[in-house]
Amino acid sequence: MEYRRYYQPGGSYFFTVVTEHRQPLLIEHIDRLRAAFRYGMERYPFVIEGIVILPDHLHTLWRLPDGDDDFSIRWMVIKRKFSTGLGAGAVNASKQKKREKGIWQRRFWEHYIRDDEDWRCHLDYIHYNPVKHGYCLTPADWPYSSFKRSVKQGLYEEDWGASLLPALSHADMELD
């Protein structure tokens, strides 16, 4: 099947990236993941407007520079940098040929952000995700997200999400 991505120079995008077989590697290697993001951002700049890291997947909201639409190269660099030095998982011939280590699912899910309401909906989804998965009781409790930064920016109250219903996981956002 041929999947077509929507590339928009200077666009904002929501991404979901998952480890192969949902291996819980990301929190265990959080410093390696942070270093991979720093490395990727130095080589191919972008702005992280929101992010949450869970053990086996992450969600993030990026804004690309004006005139630049290549988010795929950024993910390739981040995934490779993170994977370098980690032991390889079980890989088939196709993955060996492409020098994949079985750390990440081959693809990622992307959504082009259409407007301010869409942006806010996805930012809310990102910050509520650890609550949805039962890792914490409120978004403020999860240490691996941009929620506290968003509170400082005035986008949320510190207690946001403490009384939200599970309805925040919209049917049209079946991401993880």
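The values are calculated or read from the model by the stated rules, or taken from the named source; none is laboratory data. Because the structure is predicted, anything quoted here is derived from the model rather than measured. Every residue, glycine as well, gets a Cβ built from its backbone with ideal geometry; the counts of neighbours run over all protein chains shown.
Only one entry in L58, L26 is surrounded by 19 or more Cβ atoms within 10 Å (Cβ to Cβ) and assigned to a loop (DSSP other than H, G, I, E, B), namely L26. Residue-level analysis places K95 among those that are at pLDDT below 90, closer than 30 Å to D68 by Cβ and part of a helix (DSSP H, G or I). Within region 143-176, the set of residues being modelled with pLDDT of 85 or more, farther than 22 Å from Y13 by Cβ and not in a helix (DSSP H, G or I) comprises P143, G154, E157, E158, D159, W160, G161, A162. Listed by first and then second residue, the pairs linking a residue in region 69-83 that is closer than 17 Å to I53 by Cα to a residue that is modelled with pLDDT under 95 and among the β-branched types (V, I, T), with Cβ atoms under 6 Å apart and 6 or more places separating them unless they lie on different chains, are S83/I103.
Filtered by the rule that a residue be touching a residue at least 24 places away in the same chain (Cβ under 8 Å), part of a helix (DSSP H, G or I), under 15 Å from G11 (Cα atoms) and not hydrophobic (A, V, I, L, M, F, W, C), region 107-130 gives a lone residue, H122. The single condition among (1) crowded, with 17+ Cβ neighbours inside 10 Å; (2) at pLDDT 95 or above that I73 does not satisfy is (1). Applying the set (1) assigned to a loop (DSSP other than H, G, I, E, B); (2) modelled with pLDDT under 95; (3) of a type outside the set (S, T, N, Q) to P45 leaves exactly one unmet item: (2). Quick one: what pairs do we get from region 139-156, first residue surrounded by fewer than 18 Cβ atoms within 10 Å (Cβ to Cβ), second aromatic (F, W, Y) and part of a loop (DSSP other than H, G, I, E, B), C-beta under 8 Å, 6+ apart or different chains? So the pair list comes out as V151/W160.
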